[in-house]
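Enquirer: Structure incoming, see below.
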Amino acid sequence: MPEGSRQLAMVFDLNKCIGCQTCAVACKMLWTRDEGSDYQWWCTVNTVPGKGSPKDWESMGGGYENGELILGKAPDREDFGGGWDFNYNEVFYGEGPPGKKIPLRVVGEQPTWGPNWDEDQGGGQYPNNYYYYLPRTCNHCSKPACVDACPSGALKKRQEDGIVVRDESVCTGSRQCAAACPYKKIYFNEQRGVSQQCMFCLPRLEDGVAPACARQCPGRAVFVGFLDDKDGPVHKLVNEWKVAVAQHPEYGTEPNIFYVPPIGPHPIAEDGSVDENRHRIPDELLEEQFGPDVHEALATLQTEMSKTREGGKSELMDMLIAYKWTSLLGEFTVDPVTLEKDVS
Ligand code: SF4
Ligand code: SF4
């Protein structure tokens, strides 16, 4: 990182994420309601194992291999499931038959995929089924392949906070950024002929308000802050306790969204007893998702959990529980309703 630059980051605690989709909807309500962005969900929450969003994104390529930029597939609208049309006019504006209750339903072509299509399917065999929820946004990578690939200079990584931003007046819609992003977190707006992605709720941050996904999370699962803020939870979880790890570090872009990995339940043995020495979520799956550092992260979490169960104190457990919810938000604790401009 160049001298004098800073990096904002987020940590999602996957042991607290309840898959409620509030983060996804909070983001949707703010940023992607116009024509052309109707199918875009900059924050998605998928069930793992599963095909994710866009469908099968992990096989689409991108990122770096041996330091070389790789161009993979630029996902299209259909890969994300398209934008669905609903019978809003009948349900909400009285255009249906009078006196009849009309359920909300998709109209027109019936979808065969969507942003959360395989929710809760997961893997494993009964009674040892398993899954966890995985919220994903743009990772505001330290080595952003999207910036590297953009032929028109529309994308920039800001020095003051590390956020990757796009100048839509410069974007030519070549979609090279989407081909290069290995996380497939860039969407194409056909109406405007530009690509679009999460910008960390920059207009909110400028007023001291946390990103909508973090602030609205009812599970208290999302931490925000600068990685070099030694008093902040993000720095402590990532750099000190090392219990928060990035997804697919092998993609080579150095992501800045981190995850406290899921511990999950223990498996049930054939005689009905609980096998407390093993986890239902396979270690191989977690290593494939989060790299080899995930094992040390899980071991630390287990040790600290055991400490509290035996009546001891754990700074780490207290931090993860977040008794005071504003402790999740670093320096971005301003309540948006107190502002004159609308960033809520
Ligand atoms: S709002 Fe929080 S708990 Fe709900 S899906 Fe998002 S991260 Fe998980
Ligand atoms: S996640 Fe993708 S779009 Fe976001 S900064 Fe990294 S490479 Fe770029």
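The values are calculated or read from the model by the stated rules, or taken from the named source; none is laboratory data. Since the model is a prediction, treat every value here as computed from it, not as a measurement. Methodologically, a virtual Cβ is constructed for each residue, glycine included, from the backbone with ideal geometry; neighbour enumeration extends over all protein chains shown. Accessible surface areas use protein heavy atoms only, side chains included; no ligands, DNA or RNA. Shrake-Rupley method; radii C 1.70, N 1.55, O 1.52, S 1.80 Å.
Enquirer: What base-10 log of the normalised intensity I(q)/I(0) is obtained for region 136-268 from the Debye formula, alpha carbons as equal point scatterers, at q = 0.11, 0.12, 0.17, 0.18 Å⁻¹?
Expert: Once normalised to I(0) and log-transformed, intensities are -0.45, -0.53, -0.99, -1.08.
Enquirer: Just report the Cα centroid separation between region 167-241 and region 20-74, whole Å.
Expert: The distance from the Cα centre of region 167-241 to that of region 20-74 comes to 12 Å.
Enquirer: Could you tell me which residue out of Trp325, Ile18, Val48 lies farthest along the dipole of the chain toward its positive end? Charges go on the beta carbon: Lys and Arg +1, Asp and Glu -1, centred on the Cα centre.
Expert: So the residue furthest toward the plus end is Trp325.
Enquirer: When the accessible area of region 1-43 is computed with all protein chains present and a 1.4 Å probe, what percentage of it is carbon and sulfur? Mind dumping the intermediate values first?
Expert: On the way: 1080 of 1970 Å².
For region 1-43, the apolar C and S fraction of the accessible surface comes to 55 percent.
Enquirer: Related question: Tell me, what is the percent relative contact order of region 153-225, built from C-alpha pairs under 8 Å that lie six or more residues apart? Before the final figure, lay out the partial values.
Expert: Numbers: 70 pairs, mean separation 13.5, N = 73.
Dividing the mean separation by the residue count of region 153-225 yields 18 percent.
Enquirer: Quantify, in whole percent, the carbon and sulfur part of the accessible surface of region 68-221 (1.4 Å probe; protein heavy atoms only). Working shown, then result.
Expert: Numbers: 3630 of 7590 Å².
The C+S portion of the solvent-accessible surface of region 68-221 is 48 percent.
Enquirer: Here's another thing I want to ask about it. Would you mind computing the Rg to Rh ratio of the chain from its alpha-carbon coordinates, Kirkwood style for Rh? Don't skip to the answer; put the middle values down first.
Expert: Details: Rg = 21.0 Å, Rh = 21.4 Å.
On the Cα set of the chain, Rg over Rh gives 0.98.
Enquirer: Would you kindly calculate the mean projected area, averaged across all directions, of the convex hull enclosing the Cα atoms of region 19-93, in square nanometres? Numbers along the way, then the final one.
Expert: Numbers: hull surface 28.2 nm².
The Cα convex hull of region 19-93, projected and averaged over all directions, gives 7.0 nm².
Enquirer: So, R0 is 22 Å and r is the distance between the beta-carbons of Asp167 and Arg33; what FRET efficiency does that work out to, to 0.05? Kindly include the intermediate steps, with their values, before the conclusion.
Expert: Working: r = 22 Å, r/R0 = 0.98.
Approximately 0.55, to the nearest 0.05.
Enquirer: Any chance you could check the Cα centroid distance between region 260-307 and region 80-136 for me, in angstrom?
Expert: Using only Cα atoms, the two centres lie 32 Å from each other.
Enquirer: Next up: Tell me whether region 195-344 comes out rounded, prolate or oblate; compute the Cα gyration tensor, take square roots of the eigenvalues as a ≥ b ≥ c, and use a/c under 1.5 as the rounded threshold.
Expert: Working: a/c = 2.17, a/b = 1.68, b/c = 1.29.
Taking the square roots of the gyration eigenvalues as a ≥ b ≥ c, region 195-344 is prolate.
Enquirer: Accessible area per residue, 1.4 Å probe, Å², for the chain: what's the number?
Expert: 50
Enquirer: Can you give the helix-only mean residue ellipticity at 222 nm for the chain, where every DSSP H stretch with n ≥ 4 adds -39500 (n - 2.57) and the sum goes over all residues, rounded to the nearest 500 deg cm²/dmol?
Expert: On the way: 9 runs with 66 residues, N = 344.
Dividing the helical sum by the residues of the chain leaves -5000 deg cm²/dmol.
Enquirer: Let's test the formula: R0 of 45 Å, r as the Cβ-Cβ distance of Ala299 and Tyr93. What FRET efficiency results, to the nearest 0.05? Could the numbers behind the result be given before it?
Expert: Numbers: r = 56 Å, r/R0 = 1.24.
It comes out at approximately 0.20.
Enquirer: Still on this structure, I have one more. Could you tell me the extents of region 1-149's C-alpha atoms along the three principal axes, largest first, rounded to whole Å?
Expert: Result for region 1-149: principal-axis Cα extents of 66, 44, 29 Å.
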